[in-house]
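Below you'll find the structure, written out as structure tokens, and then a few comments.
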Ligand SMILES: CC(C)(COP(=O)(O)OP(=O)(O)OC[C@H]1O[C@@H](n2cnc3c(N)ncnc32)[C@H](O)[C@@H]1OP(=O)(O)O)[C@@H](O)C(=O)NCCC(=O)NCCS
């Protein structure tokens with residue numbers, strides 16, 4: 001299994017991975033929502049505002065994690081949000097997701113990112129350093145349907161003290177259906 005920063009030429013393959021993984025775990029409507037979201041992200045987000053990391057086995061895409069920039073204009077820290085990520089059903093439960101995120105979070109650190117956020121299941125994301133945070137620690141860009149899923153971690157030695165001001169996310173994530 002190799003961990004890589006993913007080439008833009010694999011766009012279709014990445015969108016298909018998200019569509020099929022979420023269709024299998026959560027049904028066709030969620031598969032379409034996330035597949036379309038990923039297509040939009042890969043087509044519209046500037047390279048400087050996005051990191052796409054993948055786990056590959058030979059030519060086979062086993063998993064992908066997408067981080068995009070969040071902006072807190074009154075705070076000096078650089079913030080990225082992980083959303084979404086998927087490990088293909090045939091590769092799940094074997095540590096691929098955790099290895100992929102450890103690789104991605106280290107790459108973010110090397111690029112000067114100070115804070116990582118995500119929105120999901122604490123039982124999985126706590127394995128790679130995320131903890132539940134309140135909306136006052138990191139004001140979300142849209143209102144949260146599931147506030148227990150709002151997670152964050154500092155990527156430096158500085159504690160995760162509250163990020164200042166209102167936030168914005170990339171346009172592709174600016175959709176209430178995702179939050
Ligand atoms: C969630 C997901 C990314 C995890 O990747 P993975 O490679 O299967 O996970 P790993 O094998 O690295 O780690 C799984 C560990 O987390 C635990 N875990 C807790 N909650 C979990 C959850 N909701 N999903 C998967 N694992 C979970 C497992 O018990 C396991 O623990 P262990 O290592 O002590 O045995 C993957 O299962 C997936 O793509 N699922 C469908 C889509 C999805 O839910 N994406 C995330 C939301 S954006």
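Anything in the stretch 130-149 that is in a loop (DSSP other than H, G, I, E, B), under 17 Å from residue 84 (Cα atoms) and either more than 13 Å from the ligand (Cβ to nearest atom) or in contact with a strand residue (DSSP E or B) (Cβ under 6 Å, 6 or more places away or on another chain) (or both)? List them, or say none. Please lay out each step first, then the result.
Step one: list which residues in the stretch 130-149 are in a loop (DSSP other than H, G, I, E, B), which gives 130, 133-146.
Still in the running and under 17 Å from residue 84 (Cα atoms): 130, 140-142, 144-146.
Answer for the stretch 130-149, where residues must be in a loop (DSSP other than H, G, I, E, B), under 17 Å from residue 84 (Cα atoms) and either more than 13 Å from the ligand (Cβ to nearest atom) or in contact with a strand residue (DSSP E or B) (Cβ under 6 Å, 6 or more places away or on another chain) (or both): 130, 140, 141, 142, 144, 145.
Would you point out the residue of the stretch 102-124, among those that are farther than 16 Å from residue 156 by Cα and without any contact (Cβ under 8 Å) to a residue 40 or more places away in the chain, that is surrounded by the fewest Cβ atoms within 10 Å (Cβ to Cβ)?
If we filter the stretch 102-124 for residues that are farther than 16 Å from residue 156 by Cα, which is where we start, we get 118-124.
Checking the rest, the ones that are also without any contact (Cβ under 8 Å) to a residue 40 or more places away in the chain come to 118, 120-124.
Numbers: 118: 24, 120: 16, 121: 13, 122: 15, 123: 7, 124: 15.
Here the residue is 123.
Name the residues in the stretch 56-74 that are more than 9 Å from the ligand (Cβ to nearest atom) and crowded, with 18+ Cβ neighbours inside 10 Å, would you? Talk me through it step by step, then tell me what you get.
Step one: filter the stretch 56-74 for residues more than 9 Å from the ligand (Cβ to nearest atom), giving 56-61, 64, 66-74.
Residues satisfying the conditions are 61, 64, 66, 67, 68, 69, 70, 72.
So, of the residues in the stretch 83-98 that are assigned to a helix (DSSP H, G or I) and touching a residue at least 60 places away in the same chain (Cβ under 8 Å), which turns out to be farthest from residue 35 (Cα to Cα)? Steps first, please.
Of all residues in the stretch 83-98, those assigned to a helix (DSSP H, G or I) come to 89-91, 96-98.
Among the residues that remain, those that are also touching a residue at least 60 places away in the same chain (Cβ under 8 Å) are: 89, 96.
Numbers: 89: 15, 96: 20 Å.
It comes out as 96.
Please specify each residue of the stretch 43-55 satisfying the condition of being more than 16 Å from the ligand (Cβ to nearest atom) and either crowded, with 18+ Cβ neighbours inside 10 Å or free of Cβ contacts under 8 Å to residues at least 40 places away in the same chain (or both). Outline the logic, then answer.
At the first step, the residues of the stretch 43-55 found to be more than 16 Å from the ligand (Cβ to nearest atom) are 43-49.
If the condition is that a residue be more than 16 Å from the ligand (Cβ to nearest atom) and either crowded, with 18+ Cβ neighbours inside 10 Å or free of Cβ contacts under 8 Å to residues at least 40 places away in the same chain (or both), then 43, 45, 46, 47, 48 are the ones that fit.
Conditions (1) assigned to a loop (DSSP other than H, G, I, E, B); (2) in contact with a helix residue (DSSP H, G or I) (Cβ under 7 Å, 6 or more places away or on another chain), marked per residue:
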site	(1), (2)
3	no, yes
13	no, no
19	no, yes
25	no, no
42	no, yes
68	no, yes
75	yes, no
81	no, no
100	no, no
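For the stretch 84-129, enumerate the residues that are within 23 Å of residue 45 (Cβ to Cβ) and within 6 Å of the ligand (Cβ to nearest atom).
The answer is 84, 85, 86, 87, 97, 120.
Could you please let me know if residue 33 is surrounded by fewer than 21 Cβ atoms within 10 Å (Cβ to Cβ), within 16 Å of the ligand (Cβ to nearest atom), over 30 Å from residue 161 (Cβ atoms) and touching a residue at least 24 places away in the same chain (Cβ under 8 Å)? So that I can check it myself, show each step before the final result.
Numbers: surrounded by fewer than 21 Cβ atoms within 10 Å (Cβ to Cβ): yes; within 16 Å of the ligand (Cβ to nearest atom): yes; over 30 Å from residue 161 (Cβ atoms): yes; touching a residue at least 24 places away in the same chain (Cβ under 8 Å): yes.
In short, yes.
Answer yes or no as to whether residue 25 is surrounded by fewer than 20 Cβ atoms within 10 Å (Cβ to Cβ) and over 18 Å from residue 129 (Cβ atoms).
Numbers: surrounded by fewer than 20 Cβ atoms within 10 Å (Cβ to Cβ): yes; over 18 Å from residue 129 (Cβ atoms): yes.
Considered against the rule, which asks whether it is surrounded by fewer than 20 Cβ atoms within 10 Å (Cβ to Cβ) and over 18 Å from residue 129 (Cβ atoms), residue 25 comes out as yes.
Laboratory data are not the source of any read-out in this text; all were calculated from the coordinates shown. Keep in mind that this is a model prediction, so the values were computed, not measured. Note that we place each Cβ from the backbone using ideal geometry, even for glycine, and neighbour counts take in every protein chain shown.
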